[in-house]
Amino acid sequence: MLMAMINWRHEQTAELMLHVDESGSIETPHNWSGSIGPRITIGAGAIIGALVSIRPGAVIQGDCVIGDGSMIFENARIGSRAYVGTSSMIGPGSVIGALAQIAKNALIKSGVVIGDRVNIGPGVKIKRGSRIASGVTVPGGAVVPKNSIITDDAERLRNR
């Protein structure tokens with residue numbers, strides 16, 4: 001997989017929409033304003049929306065979409081072809097699996113691991129240290145308590 005390595009010494013504010021093409025080059029088809037920290041990796045085919053903040057050490061694998069206004073914190077990893085909806089937050093050290101779908105306004109706290117092909121509904125809050133197994137659906141508005149392990153669809157989780 002081709003990767004574009006962005007290795008800036010100081011945090012930069014870019015005035016472009018970030019898109020990494022198959023050769024690993026960064027394309028800028030639209031105006032974009034956001035913040036990108038040092039030592040991040042963005043895979044080929046990734047699209048980073050406007051007003052996105054990507055903190056140091058984050059890895060965004062190929063063909064991902066990061067929606068407008070989202071925040072990807074330090075050392076978070078977003079798997080290939082994952083989707084992070086608008087105004088969502090992926091906490092420090094969290095891992096989002098390949099093909100995962102994170103809807104808008106989701107709050108994923110630090111150290112969370114979300115498996116492949118997981119669907120997270122809008123407004124979901126997943127608290128620190130939780131694990132969501134591959135293929136699970138967490139419905140909109142649900143709250144996953146700290147250090148939980150979810151291995152099956154989370155229909156019974158309620159707003160808390």
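The values are calculated or read from the model by the stated rules, or taken from the named source; none is laboratory data. Computed from a predicted model, the values in this text were never measured in an experiment. When we count neighbours, we look across all protein chains shown, and the Cβ atoms used for this are built from the backbone with ideal geometry, even at glycine.
Taking the stretch 55-80, which residues are more than 18 Å from residue 99 (Cβ to Cβ) and out of contact with any Asp or Glu (no Cβ under 8 Å at 6 or more places or on another chain)? Full working, then the answer.
Of all residues in the stretch 55-80, those more than 18 Å from residue 99 (Cβ to Cβ) come to 55-58, 68-69, 71, 73-75.
Once the filter is applied, which keeps residues that are more than 18 Å from residue 99 (Cβ to Cβ) and out of contact with any Asp or Glu (no Cβ under 8 Å at 6 or more places or on another chain), the stretch 55-80 yields 68, 69, 71, 73, 74, 75.
Report whether or not residue 53 is surrounded by fewer than 22 Cβ atoms within 10 Å (Cβ to Cβ), closer than 21 Å to residue 36 by Cα and under 15 Å from the mean Cα position of the chain (by Cα). Lay out the reasoning, then the answer.
Details: surrounded by fewer than 22 Cβ atoms within 10 Å (Cβ to Cβ): yes; closer than 21 Å to residue 36 by Cα: yes; under 15 Å from the mean Cα position of the chain (by Cα): yes.
The answer is yes for residue 53.
Six or more apart or on different chains, Cβ under 8 Å: which pairs go from a residue in the stretch 128-143 that's without any contact (Cβ under 8 Å) to a residue 60 or more places away in the chain to one that's loosely packed, with under 15 Cβ neighbours inside 10 Å and among the aliphatic types (A, V, I, L, M)? Could you list them?
Filtered contacts from the stretch 128-143: 130/149; 131/149; 133/149.
Return yes or no: is residue 80 modelled with pLDDT of 95 or more, touching a Phe, Trp or Tyr at 6+ places or on another chain (Cβ under 8 Å) and of a type in the set (Ser, Thr, Tyr)? Step through it out loud before you land on a result.
Values: modelled with pLDDT of 95 or more: yes; touching a Phe, Trp or Tyr at 6+ places or on another chain (Cβ under 8 Å): no; of a type in the set (Ser, Thr, Tyr): yes.
No, not satisfied.
Considering only residues of the stretch 87-104 that are without any contact (Cβ under 8 Å) to a residue 24 or more places away in the chain and crowded, with 20+ Cβ neighbours inside 10 Å, which is nearest to residue 130 (Cα to Cα)?
94
Cβ contacts < 7 Å: first residue within 12 Å of residue 75 (Cβ to Cβ), restricted to the stretch 33-58; second residue basic (Lys, Arg) and crowded, with 17+ Cβ neighbours inside 10 Å, any location; separation 6+ or different chain. Result?
Hits for this filter: 37/55.
Out of the stretch 57-109, which residues are in a loop (DSSP other than H, G, I, E, B), closer than 17 Å to residue 39 by Cβ and of a type outside the set (Gly, Ala, Ser)?
Selection gives 61, 73, 74, 75, 92.
Looking at the stretch 69-86, which of the residues that are surrounded by fewer than 24 Cβ atoms within 10 Å (Cβ to Cβ) and without any contact (Cβ under 8 Å) to a residue 24 or more places away in the chain is nearest to residue 53 (Cα to Cα)? Steps first, please.
Pass one, the stretch 69-86, residues surrounded by fewer than 24 Cβ atoms within 10 Å (Cβ to Cβ): 69, 71, 73-75, 77, 79-81, 83, 85-86.
Next cut, without any contact (Cβ under 8 Å) to a residue 24 or more places away in the chain only: 69, 71, 75, 77, 81, 83.
Details: 69: 7, 71: 5, 75: 13, 77: 14, 81: 19, 83: 15 Å.
In this case the residue turns out to be 71.
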